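Okay, structure first, notes after.
The values are calculated or read from the model by the stated rules, or taken from the named source; none is laboratory data. Quick caveat, the model's predicted, so the values are computed rather than measured. A quick note on method: Cβ atoms are made from the backbone with ideal geometry, for glycine too, and the neighbour counts reach across all protein chains shown.
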Amino acid sequence: MSEQIVKTEYSEVMQKSYIDYAMSVICARALPDARDGLKPVQRRVLYAMEQLGLNYDKPHRKSARIVGEAMGKYHPHGDSSIYETLVVMSQDFKKGMALVDGHGNFGSIEGDGAAAMRYTEAKLKKFTQDVYLADLDKDVVDFMPNFDEMEKEPVVLPVKVPNILVNGAEGIAVGMATNIPTHNLGEVIDAVIAYMENNDISTEELLEIMPGPDFPTGGIVANKSELADIYKTGNGKLKLRGKLEFEKGKGKEKDKLVITEIPYTMIGANISKFISDVISLVENKKTNDIVDISNASDKNGIRIVLELKKGADVEKLTNMLYKKTRLEDTFGVNMLAIADGRPEVMGLKSIIKYNVDFQYEITTRKYTTMLNKALEQKEIKEGLIRATNIIDLIIEIIRGSQQLKQAKECLVNGNTEGIKFKNPESELLAANLNFTEKQAQAILDLRLAKLIGLEVLALQKEYEDLVNKIAKYEDILHSRRSMTKVIKKDLLAIKKEYGQPRRTVIEDGKEAVFDDNKIIEQEVVFVMDKFGYAKLIDQATFDRNREAVIKENKYYFNCMNTDKVCIFTDNGNMHQIKIIKMPIKKFRDKGVPIDNLGNYSSAGESIVALFSASMIKDKKLLFTTKKGMMKLVDGSEFETTRNTIAATKLGEDDSLVGVQITRITSKPVEDEEYEMPIALTGGSDDEFMPMDDVQLEMNFDTPSQMDSAGNNTELQYTREILVLQTENGVFLRFPLKEIPEKKKTAVGVRGIKLNADDCVSNVYLLDVGDNDVVEYKGKKVELRKLKTGRRDTKGVKVRI
């Protein structure tokens, strides 16, 4: 047979394979079914235990036996995941209602792991049998083949309550995750009954019955006002807090602040982390009120004791614990479940509706099965009662038959052929018999002891009971009201037997307010080299090494350690980094990459300018782009708490090439101290120039402005001169006063007319007396000797 090569597009194979894998993880591994609230592995473990007969009133069995049963028959994905599932279902500090009765070391709330499966034992809880596994023999759910098609397993368990709410769920699938909090069983049942009585009930009305989550660890949900939105959408964040109690010390005992309940998110290793965080707060001098901490938790509950010094501020300490530790945490709610074979984020009402529909479905199937069995029994009982009335004839038929088949044929069809009758009249009566197949078989199986008078009366009583049951079953199946009544009765019975008081308090708690100890202000010098390594050095070190600092670093300036660094980049952004985040180093120590500080990242960006926030306060900043767009922006527009903002608006294919601090300020000055600025252009400040070479520009067109307090606002336009340089060696010099002030969201005005192949490369801001010299292709250009032009002209090209 010749080999045939099938060519397939690799990307298509990968896409299909990944989608198949993702759907397998989503639907068959990680997410719970909305009907029974169980993941496949949980369902299989419970069913395996039911098949092993591990009822609540039977002895415990080794966990390894349960894991082996589940893995060998239903869940071939490894024993560790199965055992972990078994352990979690037994932990009452993780589940609202534990489903497994564990015997041995099944872990602790403080994060201790369970013993190996060969050491522990388990069996089902009575609650699990009554609520999760009851009626499996009544065809209430569909069964499907297991992985090797040698066994059958239930598609879903006939859980009578919304387990997805009672026990919650958590799981990470491919591209999605679920995180559903636990709730109080009795409240969930009340909410289900309320929905059954009024399908139009609102989420707010349901929350009056079931106020919110009820975690097994207790604690406080501190954002009650946000719960309605969370339960409507199925998404949101719960603010969880631990519960603290103040205990006054008796005699020489110290006062105590005791954590008696913890947030649900703190169980496990986070309890140790909490204690470690409290110790760090003490060591870092954040608080002096705590003198000792101990964990006195036991089987009776959580008890973490903070011993306080005399006169401790308990309220301040409580706020600090909420702010600085996991004693206040968030629980991200994402009520995602598999509904009708696909993942869906469901609100509270949707979950209850889906569960109620499921209850009607399994109740219908249950009573249909029970009705069919009752009808079958009724048929048999009718045949037996009829048989007792003609028992002599039946005995004669049996004694006269050569084979059992012959007797049965006579009972069903009246066929007397081959049967010997003592009395010819009996043969005529036998020919008229017409029992059903089931009745005939029951008659032939009848023991003679059943013909005793009392047994006959009991038979008739059983028949009457069956008739009543059939009437009841038919009424339930044909009447929605009757079925609702049955479901509600079952739910109330579950609530009565297994209901527990609420553990979690729901309230709108006050925001915890705690101010860190103020940083001791000190003056430092920020330095950053050309490679982007930044550090702080103290003033004395800078003074000793001034020349070296200036020579070796691209940026340096004095600032306070409470200040911020403002980084302007070529794509028009401004990033802020707190000075306090930067390390204080020795002069020759290497700094840290500025990219690693704060949330700033230079990916795809280049630094154009770098200042401290105090340097640009009350100043006007000059922005210049590659395409020659310019504007002045008030420094107050960059006062923000955000780490990154858009510093300017850029046109298409444009970028920022310069940001300079001008001498223009918005700082109020006294009228008598205000002097009309005069700008001198050309020549040296020290030499006398002829009048035709000196431009005395009195600032009559830009008079002093008045602020809201009536003070003059200083606008020193004429003291500064701009020089723009392009890539092709064109220079344009003009007064700064020609650049208008605009908002940071504006593009600006054109500063220079550029040729098609040219762009701005440098911007120079000159003050009186400045005599900067730049070099272009080997030729030195004195900027002060350039002819003064006007904005938006072409400038002068340097001749090489």
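Observations, loosely collected:
- Residues (modelled with pLDDT under 90 and of a type in the set (A, V, I, L, M)) located in segment 512-539: A512, V513, I519, I520
- Checking each residue in segment 618-648 for being in a loop (DSSP other than H, G, I, E, B), of a type in the set (K, R) and either assigned by TED's automatic domain parsing to the domain that holds L754 or buried (at least 19 other Cβ atoms within 10 Å of the Cβ) (or both) picks out K626, K627.
- Among the residues of segment 126-143, none is identified as farther than 15 Å from Q51 by Cβ and without any contact (Cβ under 8 Å) to a residue 12 or more places away in the chain.
- Total residues in segment 280-327, condition small (G, A, S) and at pLDDT below 85: 1
- Taking the criterion of being exposed (fewer than 13 other Cβ atoms within 10 Å of the Cβ) and assigned to a loop (DSSP other than H, G, I, E, B), the residues of segment 760-793 that qualify are G769, N771, D772, K777, G778, K787, R790.
- Identification of helices (runs of 4 or more DSSP H) wholly contained in segment 1-74 with 3 or more residues that are assigned by TED's automatic domain parsing to the domain that holds M150 yields 40-51, 63-73.
Residues are listed down the side, and each one gets a yes or a no for (1) among the hydroxyl-bearing types (S, T, Y); (2) out of contact with any helix residue (DSSP H, G or I) (no Cβ under 8 Å at 6 or more places or on another chain); (3) over 30 Å from G96 (Cα atoms):
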site	(1), (2), (3)
A407	no, no, yes
G418	no, no, yes
E437	no, no, yes
Q441	no, no, yes
L444	no, no, yes
L466	no, no, yes
D475	no, no, yes
H478	no, yes, yes
K485	no, yes, no
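- Pairing each residue of segment 628-643 that is touching a residue at least 60 places away in the same chain (Cβ under 8 Å) with any residue that is assigned to a helix (DSSP H, G or I) and surrounded by 14 or more Cβ atoms within 10 Å (Cβ to Cβ), provided the two are 6+ apart or on different chains, yields C-beta distances under 8 Å for F638/A613; F638/I616.
- Of all residues making up segment 729-742, the number that are surrounded by fewer than 22 Cβ atoms within 10 Å (Cβ to Cβ) and under 55 Å from the mean Cα position of the chain (by Cα): 4
- Some residue of segment 663-683 being among the aliphatic types (A, V, I, L, M), out of contact with any helix residue (DSSP H, G or I) (no Cβ under 8 Å at 6 or more places or on another chain), outside any helix (DSSP H, G or I) and at pLDDT 50 or above: no
- Number of residues in segment 526-548 that are surrounded by 12 or more Cβ atoms within 10 Å (Cβ to Cβ), within 19 Å of P593 (Cβ to Cβ) and hydrophobic (A, V, I, L, M, F, W, C): the value is 6.
Matching residues to (1) exposed (fewer than 14 other Cβ atoms within 10 Å of the Cβ); (2) under 29 Å from the mean Cα position of the chain (by Cα):
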{"residue": "F274", "(1), (2)": "no, yes"}
{"residue": "S280", "(1), (2)": "yes, yes"}
{"residue": "I290", "(1), (2)": "no, no"}
{"residue": "I302", "(1), (2)": "no, yes"}
{"residue": "G311", "(1), (2)": "yes, no"}
{"residue": "E315", "(1), (2)": "yes, no"}
{"residue": "T325", "(1), (2)": "no, yes"}
{"residue": "L336", "(1), (2)": "no, yes"}
{"residue": "G383", "(1), (2)": "no, no"}
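- Condition check for Y555 on (1) modelled with pLDDT of 90 or more; (2) touching a helix residue (DSSP H, G or I) at 6+ places or on another chain (Cβ under 9 Å); (3) not polar (S, T, N, Q): one failure, at (2).
- L429 being touching a residue at least 40 places away in the same chain (Cβ under 8 Å) and farther than 23 Å from I452 by Cα: no
- Only one entry in G414, G400 is surrounded by 14 or more Cβ atoms within 10 Å (Cβ to Cβ), farther than 27 Å from Y463 by Cα and assigned by TED's automatic domain parsing to the domain that holds K373, namely G400.
- When the residues of segment 67-114 are filtered to those that are farther than 26 Å from D36 by Cα and loosely packed, with under 15 Cβ neighbours inside 10 Å, the one that is farthest from the chain's Cα centre (by Cα) is N105.
- Each residue in segment 314-342 was checked for being small (G, A, S) and either assigned to a loop (DSSP other than H, G, I, E, B) or without any contact (Cβ under 8 Å) to a residue 12 or more places away in the chain (or both), and 1 of them qualify.
- Test: E376 is over 24 Å from L206 (Cα atoms), of a type outside the set (V, I, T), in the same structural domain as C410 (by TED's automatic domain parsing) and surrounded by fewer than 15 Cβ atoms within 10 Å (Cβ to Cβ): yes
- Any hit, segment 500-509, residues being at pLDDT 90 or above, surrounded by 15 or more Cβ atoms within 10 Å (Cβ to Cβ) and of a type in the set (G, A, S): no
- All of A449, A387, A442, A407 fail the test of being over 30 Å from T369 (Cβ atoms) and either under 60 Å from the mean Cα position of the chain (by Cα) or surrounded by 13 or more Cβ atoms within 10 Å (Cβ to Cβ) (or both), apart from A407.
- Remark: pairs (first residue in segment 754-783, closer than 21 Å to V659 by Cβ; second residue assigned to a strand (DSSP E or B) and modelled with pLDDT under 85; Cβ separation under 8 Å; 6+ apart in sequence or on different chains) = L765/E720; L766/E720; D767/R663; D767/E720.
- Given (1) closer than 25 Å to N163 by Cβ; (2) of a type in the set (G, A, S); (3) without any contact (Cβ under 8 Å) to a residue 60 or more places away in the chain, index of the condition G218 fails: (3)
- All conditions but one from (1) closer than 29 Å to I109 by Cα; (2) β-branched (V, I, T); (3) free of Cβ contacts under 8 Å to residues at least 60 places away in the same chain apply to V155; the one that does not is (1).
- Selection from segment 551-600 of residues that are farther than 17 Å from S612 by Cα and not in a loop (DSSP other than H, G, I, E, B): K551, E552, V592, P593, N596
- Just so you know, in segment 117-162 the residues that are of a type in the set (S, T, N, Q) and at pLDDT 95 or above include one that is surrounded by the most Cβ atoms within 10 Å (Cβ to Cβ), and it is T128.
- Residues of segment 377-406 classified as polar (S, T, N, Q) and in a helix (DSSP H, G or I), total: 4
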